[in-house]
Amino acid sequence: MENIYTSYENNGGKRVLDKSELEEILRVAQRGSDFAEVFMERTESTRIGCEARQIERVISGREQGAGIRAVHGENTAYGYTNALDKESLLRLADQVGRAAQAGEVSPVALQRRESPVDLPVARRPDATPVEDKVALVREAEEAARRQDEKLLRQVTVGYADTIQQVTIANTEGVYVEDERVRCRMSVNAVAAEGTVIQTGYDSVGGTRGEELFDGEKPADLGRQAARRALLMLKARRAPAGRMAVVLSGEAGGTMVHEACGHGLEADLAQKNLSVYSGKKGAQVASELVTVVDDGTLPGRFGSFRFDDEGNPAQKTVLIDQGILTGYMHDHITAARDGVAPTGNGRRQSFQHRPIPRMSTTYLAPGETPPEEIIRETKSGLLVRHMGGGQVNTINGDFVFDVPEGYLIENGEVTAPVRGATLTGNGPDVLKQIDLVGKDFGFSLGICGKEGQGVPVSDAQPTIRIPSLVVGGIIEDDIVEEGEGD
Amino acid sequence: MTGRDLVNAVVDEARRSGAEASEAYFERSEDVTIEVRDGAMENLKVAQESGVGIRILRSGCLGFAYTSDRSWTALREAVDAALANARVASSDPFNNLPKPPAAYAGMNLGDPRLKEIPLEDKIELARRIERSGRAYDPRIQITEQAAYEESHYQVSIANSLGVSASDEGSFCGGGASLVAGADGEQQSGFGIQYTRNYAELDPEAIGREAAFKAVRLLGARRLPTKRAAVVFDPYVVTNFLAVLSSALTAEAAQKGRSLFAGKVGERVAAAGVTVIDDGALPGGLMSAPFDGEGVPSRRTILIQDGKLTGFLQNSYTGAKDGLASTGNASRGSYKSTPELGSTNFYLAPGELTQEQIIRQTDEGIYLTDVMGMHTVNPISGDFSVGAAGIWIEHGELTTPVRGMVIAGNMLELLEGIDAVGSDLRFFIGKGAPTVRVARLTISGQ
């Protein structure tokens, strides 16, 4: 790939930066501190929003900028600007360098790096006419509407593609040029009958081009979202209290991401802000549990060739048959622990310093057929689609909502239930898991941490947690509602 | 070129390119963030950012494009992209741009001396936040975050109907998140203060609040499931107000996405509940002379003494409802189209102190933290959130509780409010006093 700035006119039409100019900027930023880095980015994106049968928003944008970082001991200085000319960046490098450490300037020699990870793009979003993208959105919208013209009150479709071109260089000689292409679509359906209003959601995303939407994918999304909303109209309110919970493989790995993944990010663990701090080598989960973070999986939303510090994506085993084997590291946390970085130093954009983040995190499949897990559960809740979650990494407490849940009665899946939330504690859940299926399902999202959103995926097989608190409405309310209807 | 000149030049260029109506929005910001840990500066961030967002109308179709590159070539490309996007968007007769107002109110929205205060003083301020929190109780052992932040911004907007406006200002703030530990258990608490005026910052109060909140949750446990009173801390109320504020936009109502749709003039909350949005609130963090479309900011009462009086409007939703914009067009940044959003959005205070409300509660929970607010269904109003706080028995705070779940419906909650405190407090754009709801399901064991 050619240098991304050579073909582009900067603010004021000033010239672009080559490798030797980057070396000069790094020297100024470092000034005797341990480490300095330049991250330059140019991102082009398209977003389309459809609601009330209207293509309401068609947005295209270009954003460019650079972030410069200097690290000395435990002190990090970070600065960013939209101005990409050499003078502006030298000024910023000087400001950042002074803040971290004033000292001698030493030479830097940059070496271009390659990644073993291949993420091919068949059809580039920037070579696809916006009319075609609008047609995909329409396809999803109409497929959803066709599920039930009467009860579906609203269908919202969102489409987004981004092409992010980055150049990363640091005082350890790392020089990386990379391009990340991602596409995503989501459908939200609202169904209403009488006074009951319910929603259904589905999404698809990948580090891929427009081929992500091949094979009627948008229509599938529309149908799934509409089906969920319509199903929940008929659902009864979820029961409240402690019960066995079976998470279906189809539900994806949101639980492992939230309840365990965040606590294994090394920055939190090193600062004693994680329930997994200092637990390397310890039994932290049932021996049925193996947890992996893998940024190399082909085409997944959380995959990448290089992280945002220029380290190649890799597969990292975090928990091996219940034993904690490692954490996810960025440059700073790896140096602090005296280990190699794991390719988890990620940032939302040039406006942010990189921190340890997940890529695709999963609980590895086991041996039990998923049907058998349900058959062996006398009563409980089956979660077939997971909603959003939140976790307090300090004590491990989490909350999730369950947009598609069912009762399990005498080993059989019975009535759908709505309004359930799962409340529990991450370490406790990992120890409790007593059945692990041989199936495997993915989900995806934008994960937020310290105000930065990055694309992630997660996966898991069907698992059983013998006892979780399900939040709902206690019995007298169900009776009241039944009478009201 | 000043921001005002730039946006006017872009509108002229759009007109030459064939746009029937156009608008340009320019934004520039400079931020400083300082984070300290264990008495030393850990992170310093300096940032400058700017960009232009261009909105174009063509036969009722809306197109938008943005760029962070202010070169003339990039701006012209963005105009072309916005025109091309308008070609594939649906036509909507209510798409419109506002006309210029008679005048904008003058506002004093910044601290002119903020940039002159030395960085060292601001670092020391962050250190004081941490020190006061750590000194509050020996069980405060870890600093998750102790930070100072400031932001300077400048905004210009112009449209082809003659709107041409500029605004600038600044704000600063401090925050701490501290962790208390005892008997192998850890709990965290936070303190926060944002202001337009540096001299008003009270670092010791921020640190002490974070420490106090962390320590009081130590030893928390789960209690059996119960129906009981819930006394909401002002911060927790603002979490619920965030959900209310989107349900109270005309967009949500028009699209059937609001639990308040079709209820103007009806009772939607208990008597004594008044909800206000005030974009012109003196000293408000979200105050500005005009909104994201150049419409003057104002005060709008949404719920008055329990009765729904209206919705937040921008030019589009206002045209659809046959009403004026309430000045609530909001932009996340130059990269977003103006949508609808609240400004300084608050629940008006009542008469009682928090202490009086707790003393008048026989049994219930004083709710200090909620988790999973994103699970609240904005359409049905159903919610089920993780809860932590202090149990109340016979008017006294007793044992801390956590891992509980509070479930119900937003409308039931609003109708169930039976006490509103006098202690109105703002957390950036949302403000609330202590509030009590007579009876909710609190699930535990």
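The values are calculated or read from the model by the stated rules, or taken from the named source; none is laboratory data. Owing to the predicted nature of the structure, the values given are computational and were not obtained by experimental measurement. For neighbour counting, all protein chains shown are included, and Cβ atoms are generated from backbone atoms with ideal geometry for every residue, glycine included.
What is the number of the single condition among (1) over 21 Å from the mean Cα position of the chain (by Cα); (2) at positive phi that A:E450 does not meet?
(1)
Could you list, in sequence order, the residues of region B:128-147 that are away from every other protein chain (no Cβ under 14 Å) and buried (at least 22 other Cβ atoms within 10 Å of the Cβ)?
If the condition is that a residue be away from every other protein chain (no Cβ under 14 Å) and buried (at least 22 other Cβ atoms within 10 Å of the Cβ), then B:I129, B:S132, B:G133 are the ones that fit.
For region B:1-42, enumerate the residues that are among the hydrophobic types (A, V, I, L, M, F, W, C), under 25 Å from B:S166 (Cα atoms) and assigned to a strand (DSSP E or B).
Matches in region B:1-42: B:A21, B:A24, B:F26, B:V32.
Can you go through A:G200, A:G158 and tell me which one is touching a residue at least 12 places away in the same chain (Cβ under 8 Å), under 23 Å from the mean Cα position of the chain (by Cα), in the same structural domain as A:V108 (by TED's automatic domain parsing) and surrounded by 20 or more Cβ atoms within 10 Å (Cβ to Cβ)?
A:G200
Counting residues that are within 14 Å of chain A (Cβ to nearest Cβ), which strands (runs of 3 or more DSSP E) fully inside region B:222-340 reach at least 1?
Qualifying strands (runs of 3 or more DSSP E): B:226-232.
Condition first: within 24 Å of A:E450 (Cβ to Cβ), among the hydroxyl-bearing types (S, T, Y) and outside any loop (DSSP other than H, G, I, E, B). Can you find one or more residues in region A:312-323 that meet it?
Taking every residue of region A:312-323 in turn, at least one turns out to be within 24 Å of A:E450 (Cβ to Cβ), among the hydroxyl-bearing types (S, T, Y) and outside any loop (DSSP other than H, G, I, E, B).
What is the number of the single condition among (1) free of Cβ contacts under 8 Å to residues at least 40 places away in the same chain; (2) surrounded by 19 or more Cβ atoms within 10 Å (Cβ to Cβ); (3) over 24 Å from the mean Cα position of the chain (by Cα) that B:T398 does not meet?
B:T398 satisfies every listed condition except (2).
Of all residues being out of contact with any helix residue (DSSP H, G or I) (no Cβ under 8 Å at 6 or more places or on another chain) and more than 7 Å from chain B (Cβ to nearest Cβ) in region A:57-87, which is farthest from B:E339 (Cα to Cα)? Just the residue, please.
A:G73
For region A:372-419, list the strands (runs of 3 or more DSSP E) that sit wholly inside it and hold at least 2 residues that are among the small types (G, A, S); which are they?
Counting at least 2 such residues, we get A:379-385.
Among the numbered conditions (1) within 14 Å of chain B (Cβ to nearest Cβ); (2) among the hydrophobic types (A, V, I, L, M, F, W, C); (3) in contact with a Cys (Cβ under 8 Å, 6 or more places away or on another chain), tell me where A:A259 comes up short.
(3)
Inspect all residues belonging to region A:300-314 and state whether any of them is without any contact (Cβ under 8 Å) to a residue 60 or more places away in the chain and within 22 Å of A:C183 (Cβ to Cβ).
Yes, region A:300-314 contains at least one residue that is without any contact (Cβ under 8 Å) to a residue 60 or more places away in the chain and within 22 Å of A:C183 (Cβ to Cβ).
Are any of the residues in region B:167-177 over 19 Å from B:L217 (Cβ atoms), out of contact with any Leu (no Cβ under 7 Å at 6 or more places or on another chain), more than 14 Å from chain A (Cβ to nearest Cβ) and not in a strand (DSSP E or B)?
No, because not a single residue in region B:167-177 is over 19 Å from B:L217 (Cβ atoms), out of contact with any Leu (no Cβ under 7 Å at 6 or more places or on another chain), more than 14 Å from chain A (Cβ to nearest Cβ) and not in a strand (DSSP E or B).
Mind listing just one residue for me: the one in region A:88-101 that is within 20 Å of A:I332 (Cα to Cα) and not polar (S, T, N, Q) and, of those, nearest to the other protein chains (Cβ to nearest Cβ)?
A:A99
In region A:91-104, is there at least one residue being over 23 Å from A:R353 (Cα atoms) and either surrounded by 18 or more Cβ atoms within 10 Å (Cβ to Cβ) or touching a residue at least 12 places away in the same chain (Cβ under 8 Å) (or both)?
Yes, the conditions are met somewhere in region A:91-104.
So which residues in region B:52-73 are facing chain A (nearest Cβ under 7 Å) and not aromatic (F, W, Y)?
B:G63, B:A65, B:T67, B:S68, B:D69, B:R70, B:S71, B:T73
Is one or more of the residues making up region A:272-280 out of contact with any Leu (no Cβ under 6 Å at 6 or more places or on another chain), in contact (Cβ under 8 Å) with a residue 60 or more places away in the chain and over 16 Å from A:L430 (Cα atoms)?
Looking for residues that are out of contact with any Leu (no Cβ under 6 Å at 6 or more places or on another chain), in contact (Cβ under 8 Å) with a residue 60 or more places away in the chain and over 16 Å from A:L430 (Cα atoms), one finds at least one in region A:272-280, hence yes.
On the basis of being modelled with pLDDT of 95 or more, outside any strand (DSSP E or B) and under 26 Å from the mean Cα position of the chain (by Cα), does B:G133 make the cut?
yes
Go through region B:1-51 and give me each residue that's within 12 Å of another protein chain (Cβ to nearest Cβ), of a type in the set (A, V, I, L, M, F, W, C) and touching an Asp or Glu at 6+ places or on another chain (Cβ under 9 Å).
Answer for region B:1-51, where residues must be within 12 Å of another protein chain (Cβ to nearest Cβ), of a type in the set (A, V, I, L, M, F, W, C) and touching an Asp or Glu at 6+ places or on another chain (Cβ under 9 Å): B:V32, B:I34, B:V36, B:A40, B:M41, B:L44, B:V46, B:A47.
Report yes if A:V204 is modelled with pLDDT under 95 and in contact with a Ser or Thr (Cβ under 9 Å, 6 or more places away or on another chain), otherwise no.
no
May I ask you to list the residues in region A:332-381 that are farther than 16 Å from A:V71 by Cα, within 14 Å of chain B (Cβ to nearest Cβ) and of a type outside the set (F, W, Y)?
Residues satisfying the conditions are A:R347, A:Q348, A:S349, A:Q351, A:L381.
Mind telling me which of the residues B:L125, B:L109 ends up being under 28 Å from the mean Cα position of the chain (by Cα), modelled with pLDDT of 95 or more, away from chain A (no Cβ under 11 Å) and under 29 Å from B:Y148 (Cβ atoms)?
B:L125
Every residue in region B:179-219 that is closer than 23 Å to B:K430 by Cβ, outside any helix (DSSP H, G or I), without any contact (Cβ under 8 Å) to a residue 60 or more places away in the chain and not small (G, A, S), please.
B:F190, B:Q193, B:D202
May I ask you to list the residues in region A:203-223 that are in a helix (DSSP H, G or I) and surrounded by fewer than 23 Cβ atoms within 10 Å (Cβ to Cβ)?
Result: A:E210, A:E211, A:K217, A:A219, A:D220, A:R223.
Given the criteria within 27 Å of A:L89 (Cβ to Cβ), of a type in the set (K, R) and part of a strand (DSSP E or B), does B:K122 qualify?
No, not satisfied.
Output the residue which, of all residues in region A:111-142 that are within 14 Å of chain B (Cβ to nearest Cβ) and part of a loop (DSSP other than H, G, I, E, B), is farthest from the chain's Cα centre (by Cα).
Looking at residues that are within 14 Å of chain B (Cβ to nearest Cβ) and part of a loop (DSSP other than H, G, I, E, B), I get A:P129.
I need a count of the residues in region B:74-105 that are out of contact with any helix residue (DSSP H, G or I) (no Cβ under 7 Å at 6 or more places or on another chain), part of a loop (DSSP other than H, G, I, E, B) and either more than 7 Å from every other protein chain (Cβ to nearest Cβ) or at pLDDT below 95 (or both).
8
With respect to A:G194, is the statement that it is within 14 Å of chain B (Cβ to nearest Cβ), in contact (Cβ under 8 Å) with a residue 60 or more places away in the chain and surrounded by fewer than 24 Cβ atoms within 10 Å (Cβ to Cβ) true?
Spelling it out, A:G194 is indeed within 14 Å of chain B (Cβ to nearest Cβ), in contact (Cβ under 8 Å) with a residue 60 or more places away in the chain and surrounded by fewer than 24 Cβ atoms within 10 Å (Cβ to Cβ).
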